[in-house]
Amino acid sequence: MFDIAFFISSILLGVGLAMDAFSVSLANGLNEPKMKMPKVSGIAGIFSLFQFAMPMIGWVCVSTIARCFAIFEKCIPWIALLLLGYIGGKMLYEGITNKDSENEKPAIGLKGLIVQGIATSIDALSVGFTISDHNFLQALVACLLIGVVTFFICFAGILIGKKAGTKLAGKAGILGGVILIAIGIEIFVTNVF
């Protein structure tokens, strides 16, 4: 039921799925270089929760209502582009208009993090197709491994971003916004064309 190949493929799937969340985590760290560790863990936790949930929801959809999911799958790149474009545009605007501001303000609140979590993990719904041959327990374990891998990758991304954000000072918000917009475009282009 569970062999080494199962764990390796689940971990590698987690690494692949976590790359968008890693980039957004990097942008969040860049935008808020003085972020405290509880918030770093919280952000990584939100991304890992979504990266766990989306493939699981995809597996449930494939196992039950696959026809409806196939229609929704065509909307995924558009949704990711809109969400990340909006958040990135907002960060870019704030970075440009507040470039002389000495006071650091938190880059993003809980609502924004949830939007980021959805945007970076919505394409993971289609992973439900790749694990459709798994039984419920195998799908659950695979999704848990994806979530754990995502947590550590996002945690590292935020720390790297914080370090670079301190060095970049006022330009970090601009760079973070550009990164988010680029991720949205990349998800859109790779899934539509």
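The values are calculated or read from the model by the stated rules, or taken from the named source; none is laboratory data. Note that this is a predicted model, so its numbers are computed, not measured. All Cβ positions, even for glycine, are placed from backbone atoms using ideal geometry, and neighbour counts span all protein chains on display.
Computed quantities for the displayed model
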read-out: Close pairs (9 angstrom Cβ cut-off, 6 or more residues apart or separate chains): within 13 Å of Leu13 (Cα to Cα) in the stretch 109-133, of a type in the set (Ser, Thr, Tyr) anywhere; value: Ser121/Thr150; Asp123/Thr190; Gly128/Ser63; Ile131/Ser10
read-out: Some residue of the stretch 141-154 being at pLDDT 80 or above, more than 18 Å from Ser25 (Cα to Cα), crowded, with 21+ Cβ neighbours inside 10 Å and hydrophobic (A, V, I, L, M, F, W, C); value: yes
read-out: Given (1) assigned to a loop (DSSP other than H, G, I, E, B); (2) among the basic types (Lys, Arg); (3) modelled with pLDDT of 90 or more, index of the condition Lys39 fails; value: (1)
read-out: Residue, nearest to the chain's Cα centre (by Cα), within the stretch 76-108, restricted to residues that are more than 20 Å from Ser23 (Cβ to Cβ) and modelled with pLDDT of 75 or more; value: Ile96
read-out: Which numbered condition Pro55 misses (of (1) surrounded by fewer than 23 Cβ atoms within 10 Å (Cβ to Cβ); (2) modelled with pLDDT of 85 or more; (3) assigned to a helix (DSSP H, G or I)); value: (1)
read-out: Those residues of the stretch 1-36 which are at pLDDT 90 or above and among the basic types (Lys, Arg), in sequence order; value: Lys36
read-out: Complete set of residues in the stretch 27-43 that are among the hydrophobic types (A, V, I, L, M, F, W, C) and either without any contact (Cβ under 8 Å) to a residue 60 or more places away in the chain or crowded, with 24+ Cβ neighbours inside 10 Å (or both); value: Ala27, Leu30, Met37, Ile43
